[in-house]
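Q: Quick one: structure below, then a few questions.
The values are calculated or read from the model by the stated rules, or taken from the named source; none is laboratory data. Note that the coordinates shown come from a computational prediction; the quantities given were computed from them, not determined experimentally. With ideal geometry, Cβ positions are generated from the backbone for all residues, glycine too; neighbour counts draw on all protein chains shown. Protein only, heavy atoms only, side chains kept; ligands, DNA and RNA dropped before computing areas. Shrake-Rupley method; radii C 1.70, N 1.55, O 1.52, S 1.80 Å.
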Amino acid sequence: MLKTVAANGKDEFDFINGIKLRAGDVGSEIDAAVSEIMWAVKTRGYAAVEEYSLRFDKAPPREISIREAEDAYGRCSPELIRAMERASANIRSYQEKLLTVSGEWGGGGAAVGCIVRGIQRLGIYVPGGTAAYPSSVLMTAVPAKVAGVEEIIMVTPPTDFLSDEVLAAAKIAGVDRIIACGGAHAVAALTYGAGFIPQVDKLVGPGNAYVASAKRMAYGTVDIDMVAGPSEILIIADGTAEPEYVAADLLSQAEHDRLASCILITDCAALADEVKKQVGIQLEKLPRRDIAAGALESFGGIIICGDLRTACELGNVCAPEHLEIMTENPRELLPQIRNAGAVFLGKYTPEPLGDYMAGPSHVLPTSGTARFFSPLSVDSFLKKMSVIEYSREALAEVSDDIVSMAKKERLDAHANSISVRRIKG
């Protein structure tokens, strides 16, 4: 089930590149359908949103009251509420340490600075039904609150039942408004504004291929977090790793969906054999074993290489969403890791710890985009404005240089804007 690739300078790269390309494009048919929805909402507003909601979800959009969220909170088990409250506190504590603040500096009549403010309005998309994840509400809304976002609006499909857990998470995270509306038309409504659904400044959150396509089309009118691909995990391990732990962590991602990627890179062939055995044993016990087996068959594998330095180099090429290091001294390898959404060190730091509790957001770059994208964080919800203030004397000191550069670029009005002040000075 888990294929084994012996590193030879070619086969391992072919395997990794195939993994990175697995999601592909959403497809022209989906793009065409979503483009039609986006245009309809842009030109016809709420009437189009309501039509699509009735067609796809058999219900019109509606506002969910704070009382409904509070009632949902009360229906959740005390154990779950305690867990979500603890996770929320950890997320808040971590994000507060990352928060950038405004400042000014300079001297001699020349001051520059930066004003840092949270965006005004954020839209969070939350899938409905069995794909509803309250942890994602916490991982997106709490950092936004830390950033000082003025209004957070959560949309979720108006299914026959709305997840109590998702509504409770929204209450815990401080979501300001909850609107039962889903699909590409919900993304369009938040992008352009439609009736009681306002335009937002940024859209975040997971969704199906239609939602992903809509977010791509929304970008530019509003900001987005990222277009996330299927989940992925890469584990670098040596002969000291516990095969049972490695197998369990590979399966923790394989159960997400059939496109999930699960890779072990090791310098120990004996470990590779034991992990394969453990995967088979543990797989049989999983309720979602058919999904996990499909992911392992198509996008799972073990790469056996000569040493751990090579393992790290291959990890950087893969640039995975989650990268676990289970070696004798995991921190010794950390300086060699350049590309990963999140790094998990040691045998007692499994990936689900990051999904639910540790504090950093589990919204991470996928499909190799960790080479240039960062995890969602408080920074994702901040915008910065430059501030410049010069005195007459400070401007005079640099005016000749500015005029010289402006004239070189044939922008004479720019040069005159400086020169006129010297003349009138």
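Q: If one takes the longest principal axis of the Cα atoms in the chain, at what angle in degrees, from 0 to 90 and to the nearest 10, does the Cα axis of helix 134-147 lie?
A: So the inclination is approximately 30 degrees.
Q: Another question about this same structure. How would you rank 70-81, 160-171, 404-415, 139-150, highest first, on the average number of other Cβ atoms within 10 Å across their residues?
A: On the way: 70-81: 13.6, 160-171: 21.4, 404-415: 11.9, 139-150: 23.9.
Taking the mean over residues of other Cβ atoms within 10 Å, the ranking is 139-150, 160-171, 70-81, 404-415.
Q: With an 8 Å cut-off on Cα pairs and a minimum separation of 6 or more residues, tell me the relative contact order of the range 150-214 in percent.
A: On the way: 62 pairs, mean separation 20.0, N = 65.
The normalised contact order for the range 150-214 reaches 31 percent.
Q: Can you pull the one-decimal nm distance between simple spin-label points at Ser35 and Arg62, each 7 Å off the Cα toward Cβ?
A: Each label point is offset 7 Å from its Cα along the Cβ direction, giving 3.6 nm.
Q: While we're on this one: Please name whichever of Leu162, Ile402, Leu99 sits farthest to the positive end of the charge dipole of the chain, dipole taken about the Cα centre and charges placed at Cβ: Lys and Arg +1, Asp and Glu -1.
A: Projecting each Cα onto the dipole axis, the largest value belongs to Ile402.
Q: What is the range 130-252 by shape, rounded, prolate or oblate, if you read a ≥ b ≥ c off the alpha carbon gyration tensor as root eigenvalues and call it rounded for a/c under 1.5, prolate for a/b larger than b/c, and oblate otherwise?
A: Verdict is prolate for the range 130-252.
Q: What accessible area per residue comes out for the chain, rounded to a whole number of Å², with a 1.4 Å probe? Don't skip to the end; give the middle numbers.
A: Details: 20690 Å² over 425 residues.
With the other protein chains kept in place, the chain gives 49 Å² per residue.
Q: In a Gaussian network model over the chain where Cα atoms closer than 10 Å are linked, find which of Val137, Val387, Val126 has the largest mean-square fluctuation.
A: Checking each option, the largest mean-square fluctuation is seen for Val387.
Q: Compute the angle between helix 308-318 and the longest alpha-carbon principal axis of the chain, please, reported from 0 to 90 degrees and rounded to the nearest 10.
A: 60
Q: Residues with beta-carbon under 13 Å from that of Phe196, excluding Phe196: net charge, scoring Lys, Arg +1 and Asp, Glu -1? List each step's numbers first, then the result.
A: Working: positive: Arg62, Arg177; negative: Glu50, Glu63.
Every neighbour counted, the sum reads 0.
Q: Here's a follow-up. Amide H to amide H, which residues 5 or more places from Ile303 or on other chains are under 5 Å from it, using H placed in the peptide plane?
A: Those lying under 5 Å, H to H, from Ile303 are Val5, Leu264, Ile265, Thr266.
Q: Determine ³J(HN,Hα), in whole Hz, for all residues of the range 275-284 in sequence, where each value follows from phi through the Karplus function 6.51 cos²θ - 1.76 cosθ + 1.60 and θ = phi - 60°; x replaces Gly and Pro.
A: The phi angles translate into 5, 4, 5, 5, 4, x, 5, 6, 4, 5 Hz.
Q: Please get the size of the charge dipole for the chain, origin at its Cα centre, with Cβ charges of +1 on Lys and Arg and -1 on Asp and Glu, quoted in debye to the nearest 20. Walk me through the numbers before you get to the answer.
A: Numbers: 43 positive and 56 negative charges, 265 e Å.
Computed about the Cα centre, the dipole is about 1280 debye.
Q: Below 8 Å, C-alpha to C-alpha, sequence gap of six or more: please give me the relative contact order for the range 362-425 in percent. Present the calculation step by step, with values, prior to reporting the outcome.
A: Details: 27 pairs, mean separation 13.1, N = 64.
With pairs under 8 Å counted, the relative contact order is 20 percent.
Q: By per-residue mean of other Cβ atoms within 10 Å, what is the highest-first order of 372-382, 251-261, 112-122? Show your work: numbers first, answer last.
A: Numbers: 372-382: 19.6, 251-261: 22.5, 112-122: 17.1.
So the order, starting with the most tightly packed, is 251-261, 372-382, 112-122.
Q: Quick check for me: using +1 on Lys/Arg Cβ and -1 on Asp/Glu Cβ, what's the dipole size of the range 366-425 about its Cα centre, in debye to the nearest 20?
A: Numbers: 10 positive and 8 negative charges, 39 e Å.
Its charge dipole is roughly 180 debye.
Q: In the chain, what percentage of the DSSP-assigned beta bridges are antiparallel, given to the nearest 5? Please report the intermediate quantities before stating the final value.
A: Details: 18 of 57 bridges.
Roughly 30 percent of the beta bridges in the chain run antiparallel, per DSSP.
Q: Expressed as an acute angle from 0 to 90° and rounded to the nearest 10, what is the orientation of the C-alpha long axis of helix 392-408 relative to the principal long axis of the chain?
A: Taking Cα atoms only, the helix is inclined about 70 degrees.
Q: State, as an integer percentage, the relative contact order of the range 64-138 based on alpha-carbon contacts under 8 Å between residues 6 or more apart.
A: Values: 30 pairs, mean separation 16.8, N = 75.
Worked out over the range 64-138, it gives 22 percent.
Q: Quick one: which residues, 5+ away or cross-chain, put their amide H under 5 Å from the amide H of Ile64? H built at 1.01 Å from N.
A: Hits under the 5 Å cutoff: Ile178, Ile179, Ala180.
Q: Ok, one more. Where in the range 215-245 does the amide nitrogen come within less than 14 Å of the point 7 Å from the Cα of Glu332, taken along Cα to Cβ?
A: Backbone N within reach: 237-241.
Q: Per residue of the chain, what 222 nm ellipticity follows from adding -39500 (n - 2.57) for every DSSP H run with n ≥ 4, rounded to the nearest 500?
A: Working: 17 runs with 203 residues, N = 425.
My calculation for the chain gives -15000 deg cm²/dmol from helical runs alone.
Q: Could you work out how far apart the two model spin labels at Ala209 and Ala413 are, taking each label as a point 7 Å from the Cα in the direction of the beta carbon, and quote it in nm?
A: Once both label points are built, they end up 4.9 nm from each other.
Q: Calculate what fraction, in whole %, of the accessible area of the range 154-302 sits on carbon and sulfur atoms when a 1.4 Å probe is rolled over the protein chains. Walk me through the numbers before you get to the answer.
A: Numbers: 2580 of 5280 Å².
Result for the range 154-302: 49 percent of the exposed heavy-atom area is carbon or sulfur.
Q: Show me, for the range 190-206, the HN-Hα J-couplings you get by feeding each phi into the Karplus relation (A = 6.51, B = -1.76, C = 1.60, θ = phi - 60°), rounded to Hz, glycine and proline as x.
A: 6, 6, 10, x, 7, x, 7, 9, x, 6, 9, 9, 8, 10, 9, x, x
Q: A further question on this structure: In the full protein assembly as shown, how much of Arg55 is accessible to a 1.4 Å probe, in Å² to the nearest 10?
A: 140
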